[in-house]
Amino acid sequence: MEGATDLCPNRSAGEKRKSRQQDKPYRGIRMRKWGKWVAEIREPNKRTRIWLGSYSSPVAAARAYDTAVFYLRGPTARLNFPEYMAQDDYLRDMSAASIRKKATEVGARVDALETSLRHNGSPDSNSRRGSLKADLNEYPNPESSDEE
């Protein structure tokens, strides 16, 4: 049974690689069924994983992974964005908890930045006042009612 190991015998190796790259654009991340991007990394010489968080953009998840892999493996680690790593930045405590904390801080910052750019970056965002989404966690202000 030569073809038993290949689940899709009609697809070439290049097509398989291309579909894998579309599913997983960066190292150390994956997409959940509902569209969130998550990052996690294995601890060296252990079976446990360090959970790095759930993010709305793949770039934020990849930056969280980069932070963790940099602290775990040093400056020779294979990073998604090597240009964004600060070589002089280091952690005093190399525990999984401190690495998780630092990685989630970086990921959250990038995620917030990406989200704000996505919402404010469109050229005609100011002209479409009706398309702005209300903050559902904020109580309505009686001064800013429908009297505009």
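The values are calculated or read from the model by the stated rules, or taken from the named source; none is laboratory data. Given the structure is predicted, the values throughout are model-derived calculations rather than measurements. Ideal geometry is used to build each Cβ from the backbone, glycine not excepted, and the neighbour counts take in all protein chains shown. Protein only, heavy atoms only, side chains kept; ligands, DNA and RNA dropped before computing areas. Shrake-Rupley method; radii C 1.70, N 1.55, O 1.52, S 1.80 Å.
Just one of the listed residues (Thr5, Thr67, Thr76) is among the β-branched types (Val, Ile, Thr), open to solvent by 30 Å² or more (accessible area, probe 1.4 Å) and at pLDDT 85 or above, and it is Thr76. Could you please find all residues in the stretch 28-53 being hydrophobic (A, V, I, L, M, F, W, C) and under 19 Å from Thr67 (Cβ atoms)? Once the filter is applied, which keeps residues that are hydrophobic (A, V, I, L, M, F, W, C) and under 19 Å from Thr67 (Cβ atoms), the stretch 28-53 yields Ile29, Trp37, Val38, Ala39, Ile41, Ile50, Trp51, Leu52. One residue stands out in the stretch 42-64 among those that are outside any strand (DSSP E or B) and without any contact (Cβ under 8 Å) to a residue 40 or more places away in the chain: the one that is most open to solvent (accessible area, probe 1.4 Å), namely Arg47.
Just the residues that are closer than 15 Å to Arg109 by Cβ and in contact with a Phe, Trp or Tyr (Cβ under 8 Å, 6 or more places away or on another chain), please, taken from the stretch 38-53. Matches in the stretch 38-53: Ala39, Leu52.
Restricting to the stretch 97-109, name every residue that is open to solvent by less than 30 Å² (accessible area, probe 1.4 Å) and of a type in the set (Gly, Ala, Ser). Passing the criteria: Ser98, Ala103, Gly107.
Filtered by the rule that a residue be open to solvent by 60 Å² or more (accessible area, probe 1.4 Å), among the hydrophobic types (A, V, I, L, M, F, W, C) and within 13 Å of the chain's Cα centre (by Cα), the stretch 19-41 gives a lone residue, Met31.
May I ask you to list the residues in the stretch 31-60 that are within 28 Å of Ser116 (Cα to Cα) and of a type in the set (S, T, N, Q)?
Ser54, Ser56, Ser57
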